Amino acid sequence: MEDQSHNISSSHGAPEPDMDDILDLTGGQYARKVEEDEEDRRSYSDSLEPSPESEEPSSDLPPPPPRGPLPVIPTAPIEEEHDIPTSPYGPPTTTTGSVGRTFLAQFLRTEVVDLLYWRDIKKSGLVFGASLFLLLSLTVFSIVSVSAYIALALLSVTISFRIYKGVLQAIQKSEEGHPFKCCLDSNVAVSEELVHKYSNVALGHVNCTLKELRRLFLVEDLVDSLKFAVLMWVFTYIGALFNGLTLLILALISLFSIPVIYERHQTQVDHYIALISKNFNNVKDLILAKVPGLKRKAD
């Protein structure tokens, strides 16, 4: 009995455990884990913040340049793109070596067409009148006399104008210089490339003409040779009625009149030309069918 009472008294006499000790026993491990996580989070955030030492600029580095407009760096001049003049006769050639020649050919062709179609009445009238006057003068005088008179007329105009400008400058005490300075400074030389180009073109036409004449005179094709003979027979009558200058005058008048007439009455002219061509072809076929040996051989 004494032993049991001693055990009970010893159990009742022991001090009661504290609440903090109970919490430590039950959740101490969880609390320590939470505190460790918070410390890791603080250390990570502290590592992301820049240190005050790194924010301060180093004294060894040069100071930053002052703010202001950026300097302009010179660049190579940009070449302007020039538009190649177009023409109603086809697209221009864009090859570098042939741009100049193509432009010149298109320019000359356009100028000739404008003259023949009287686009500019003053310019066409001036060219037509001067050309007709020259041809009419050649019918009266020789070509030497006409050339000498033309040269004297030009010299009279230029010398008179030169003297007039010289006297005017002396009176006004001005220093304008020679009145024909712009014309004297301009380049009037004919390039070798242009000469070679047109020489090759002329040589090609001459060779083709020689081959065609050889074919006609040596009667390679009987029908073509007979046509050529009839054409020469017609020219004998034309030569008896007109000389070479008269034919040139008629050709000049035709050049400045037929294109305008055809442009204004194209429908009627095409109709009559088709009728004439049809009748001529019928007569030619009839003759070729009647005369033996004149029909062309089938190709």
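Looking across segment 182-199 at every residue that is among the hydrophobic types (A, V, I, L, M, F, W, C) and either outside any loop (DSSP other than H, G, I, E, B) or open to solvent by 100 Å² or more (accessible area, probe 1.4 Å) (or both), the one that is nearest to Leu226 (Cα to Cα) is identified as Val195. Can you tell me which residue is nearest to Leu231 (Cα to Cα) among those in segment 159-180 that are modelled with pLDDT under 85 and open to solvent by 80 Å² or more (accessible area, probe 1.4 Å)? Result: Glu176.
Can you pull out the residues in segment 141-156 that are part of a helix (DSSP H, G or I) and open to solvent by less than 100 Å² (accessible area, probe 1.4 Å)? Of everything in segment 141-156, those that are part of a helix (DSSP H, G or I) and open to solvent by less than 100 Å² (accessible area, probe 1.4 Å) turn out to be Ser145, Val146, Ser147, Ala148, Ile150, Ala151, Ala153, Leu155, Ser156. When Leu138 is tested against the conditions (1) without any contact (Cβ under 8 Å) to a residue 60 or more places away in the chain; (2) in contact with a helix residue (DSSP H, G or I) (Cβ under 9 Å, 6 or more places away or on another chain); (3) open to solvent by less than 60 Å² (accessible area, probe 1.4 Å), the lone failure is (1).
The values are calculated or read from the model by the stated rules, or taken from the named source; none is laboratory data. Given the structure is predicted, the values throughout are model-derived calculations rather than measurements. Methodologically, a virtual Cβ is constructed for each residue, glycine included, from the backbone with ideal geometry; neighbour enumeration extends over all protein chains shown. With ligands, DNA and RNA removed, areas are computed over all heavy atoms of the protein, side chains included. Shrake-Rupley method; radii C 1.70, N 1.55, O 1.52, S 1.80 Å.
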